[in-house]
Each structure stands twice: as structure tokens, then as C-alpha cells.
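Student: Below is a structure I'd like to ask you about.
The values are calculated or read from the model by the stated rules, or taken from the named source; none is laboratory data. Computed from a predicted model, the values in this text were never measured in an experiment. Here Cβ is always computed from backbone atoms with ideal geometry, including for glycine, and neighbour counts include all displayed protein chains.
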Amino acid sequence: MPRVLVTGGAGFVGANVAIALAQRHTDWELVALDNLYRRGSELNLPRLRDAGVQFVHGDVRSQDDVLAVGDVSAIVEASAEPSVMAGVGEDSPAYVVQTNLLGAVHCLELARRSGAQLVFLSTSRVYPIAALQALVLEETDTRFVIAAEQQQPGASAAGISEGFPLEGARTLYGSTKLAAELLIGEYAESFGVRAVIDRFGVIAGPWQMGKVDQGVFTYWMLAHVFDRPLSYIGFGGSGKQVRDLVHIDDVVDLVELQLEEPDRWSGVTVNAGGGLASSLSLLETSALCAEITGRRLAIGADDRTRPGDVPIYVTDNSRIERLSPWRPRRSARETLEDIFNWIKEHEREVHRAL
């Protein structure tokens, strides 16, 4: 029986991955490891139990906790401190560094000792801020658009590809994930660890406790449902900044595909996101949320751009589409509708967690 460990297994991504894999593969043993640090993660414990996923209360920062899981066939490394503001200002960078980098090392050690495959969930935040801010943009009534002609390699009207330059600062979150990617390459070369790296754009969907600096699309929908204040921050307070979003179910589909073919995916690094077709500006997100909820909010404006913010990021999926049949199948509207329906179905629990 394949035994699969999902780290961060009570978080938004980890729990959805573990539960879906347990439901799709009843002959697999799923183990979810989580320290329950993030708000709302406790809501996923009954879901994990009902799906037959074994929950282990442990911390990826502790090698003993990770190794205590025992031999596994595969590891889905979904644990992370994902906030782009983590460690900024007066906050200590210790937690983000230890979780994202040291935690990845501990997962690599378990993979080395078990002979397990590693599916590493990385991020588009590995691409440096200054280079993204230097993109040539056009502006429409509702959004910024990446111009067809670009000075930067790896950038086009389709978005950002894996050929985008990696020199420069990228936030502590992004730098710890990139450092983990480099260590994965060393473990693959030195010890034969089979690993695939997925650089996801914004992931969204049900069971996400969205925040302004992580999970912005869910955050926007939560604000519309619960009448919470919103502001367009930075870039003149225009709300024209753009991100692409990928539904959590599309993420699960990709992870499943990679777990089923470990040798084929070994050594591969890919961008994976919603792409241009599933991208939204904040202005466009507000309009969709108003249509779906029937509630239009008065949204403030703050023209001060925060450190680490970029006007646009859209994933160029060309490489992964050449390598595999995977495609993002859920549209931006479908994703927002799924988030809304989940909130309404679990309104009391979600409101309490917030």
C-alpha cells in the first residue's frame, strides 16, 4: 500500500490534497502532519478524520517529528509560512526561515532515508520583485496588462515562464522557498531523491482562510459576505493590480498526476497557475464578488505601495502544458462561486475562525 505524507496537512492546501487523495485512492494510506499554527486549520481536523486520513500533530521544524512518521512512499511538502509580509519590519524572520527552509530539509531527509518521492509545492514568489516591477505594462480601464514586447527574458503577454531571471530580492517567503528548491537539486544529485517542484501562482478555493497578504481572492469574498472593510493598496489605489488564480481542485489534479508517475516527473520544475484566462485585477474581483453575493462594498484607496508588492503576476503555463495533459480547468468565476458557496454552507464556523 502506498503511504503518502502531506506536510502542512491541516492547512488549506495540505488538507484538500490529503482528503482528495484519500477519496480517490482508497488503497493509499494518507498521513497529514501539521502544527495547527494557522487560524482555521482546526476546522480541517474533522474533515481529515472523516476521509480516513491519519493526523499527526507535529512540526516540520523538528526533524524528530518528521522522521517519527516512519517510512513513506511519497511526501507532498505543503507546509509553509506563506505570507509575503512574514519577517518584515519588527517581526523576527525565524519562523518563516525555519518552517520553509529547515522544514524542507527535514522532508528531504525523510525522502532520502525512505527512498520516497518528493512533490515540493513552491511559489511564484521565487521570481524577484525588481524584475517583476520592471515589466513593460499597458493599462486598461480595469487592469494592468503585460505588454507583448519585453526586455526581460521569460516574460511575454502570456505571463511569466520558468526562464524569468532569478537574480534579486524576492521577500523572505520567496527566498526560503527558492533556497529549498536549490537543496532539492542537491539531494537529487547526491542521493537520487526523486523530486518535482511546482511553482504555483495564487491558489484559491473552499476552506481557505484568506488574508490580505496571502489568499487575497478568498479574503475579498470573505469581506463581501461578512461586510468587512476593504482597500485598494498601492499603485495609486487604482485596484488594477492583477494576479492569476488556480482552483485548489486543479492543484490536487496536478499533484495526483505527479504522484502516479514519480520517475517521469523527477527533476522537473514547472510554473503552474490559472494563466491569463483565469486572472483578475482587484477591481474585477470586486465586481465579480458583488455579482455573486449581491452586495456591493464601498472600497477605500491607499496609494502607498507596500514593500514586496508587484503590479501584475500571471503564470505562463506553456512548459507544463507541453510536458503533460494538465490544464487549469476551473475559471476565476467558478473559483469565486465555490468560495462563496463554502462560506455560506459553513458561515458560523468560518465567522468564528475569523
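Student: Just need a number here: residues in the range 279-302 that are in a strand (DSSP E or B), touching a Leu at 6+ places or on another chain (Cβ under 9 Å) and under 28 Å from Ile160 (Cβ atoms).
Tutor: 2
Student: May I ask you to say which residue of Ala32, Ala10, Ala20 is part of a helix (DSSP H, G or I) and at pLDDT 95 or above?
Tutor: Ala20
Student: Only strands (runs of 3 or more DSSP E) wholly contained in the range 73-191 count here; list those with 2 or more residues that are surrounded by fewer than 15 Cβ atoms within 10 Å (Cβ to Cβ) and of a type in the set (D, E, K, R).
Tutor: Here the list reads 137-139.
Student: Can you spot a residue in the range 213-236 that is under 22 Å from Leu43 (Cβ atoms) and free of Cβ contacts under 8 Å to residues at least 12 places away in the same chain?
Tutor: Yes: one or more hits.
Student: Condition first: within 24 Å of Leu132 (Cβ to Cβ), in contact with a Ser or Thr (Cβ under 6 Å, 6 or more places away or on another chain) and surrounded by fewer than 16 Cβ atoms within 10 Å (Cβ to Cβ). Now tell me which residues in the range 288-311 satisfy that.
Tutor: Asp302
Student: Still on this structure: Pairs under 7 Å by beta carbon, first residue in contact (Cβ under 8 Å) with a residue 12 or more places away in the chain and crowded, with 16+ Cβ neighbours inside 10 Å in the range 254-273, partner of a type in the set (Ser, Thr, Tyr) and part of a strand (DSSP E or B), six or more apart or different chains?
Tutor: So the pair list comes out as Asn271/Thr315; Ala272/Thr315; Gly273/Thr315.
Student: Output the number of residues of the range 108-148 satisfying the condition of being more than 18 Å from the chain's Cα centre (by Cα) and not charged (D, E, K, R).
Tutor: Count: 22.
Student: Look through the range 20-41, keep the residues that are crowded, with 24+ Cβ neighbours inside 10 Å and of a type outside the set (D, E, K, R), and return whichever of them is farthest from Gly215 (Cα to Cα).
Tutor: Among those residues, the one meeting the criterion is Leu30.
Student: In this structure, is Arg329 loosely packed, with under 14 Cβ neighbours inside 10 Å, in a helix (DSSP H, G or I), in contact (Cβ under 8 Å) with a residue 40 or more places away in the chain and not aromatic (Phe, Trp, Tyr)?
Tutor: Spelling it out, it is not the case that Arg329 is loosely packed, with under 14 Cβ neighbours inside 10 Å, in a helix (DSSP H, G or I), in contact (Cβ under 8 Å) with a residue 40 or more places away in the chain and not aromatic (Phe, Trp, Tyr).
Here's the yes/no breakdown for (1) within 23 Å of Ala86 (Cα to Cα); (2) touching a Phe, Trp or Tyr at 6+ places or on another chain (Cβ under 9 Å):
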| site | (1), (2) |
| --- | --- |
| Gly185 | no, no |
| Glu189 | no, no |
| Val193 | no, yes |
| Ala204 | yes, yes |
| Tyr219 | yes, no |
| Phe226 | no, no |
| Asp253 | no, yes |
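Student: Only one of these is in contact with a Gly (Cβ under 8 Å, 6 or more places away or on another chain), modelled with pLDDT of 95 or more and either part of a helix (DSSP H, G or I) or among the aliphatic types (A, V, I, L, M) (or both): Val196, Val225, Val270, Val255. Name it.
Tutor: Being in contact with a Gly (Cβ under 8 Å, 6 or more places away or on another chain), modelled with pLDDT of 95 or more and either part of a helix (DSSP H, G or I) or among the aliphatic types (A, V, I, L, M) (or both) holds for just one of Val196, Val225, Val270, Val255, which is Val196.
Student: Another question, then. For the range 37-60, name all the residues that are part of a loop (DSSP other than H, G, I, E, B), closer than 22 Å to Pro82 by Cα, out of contact with any Ser or Thr (no Cβ under 6 Å at 6 or more places or on another chain) and at pLDDT 95 or above.
Tutor: Gly58, Asp59
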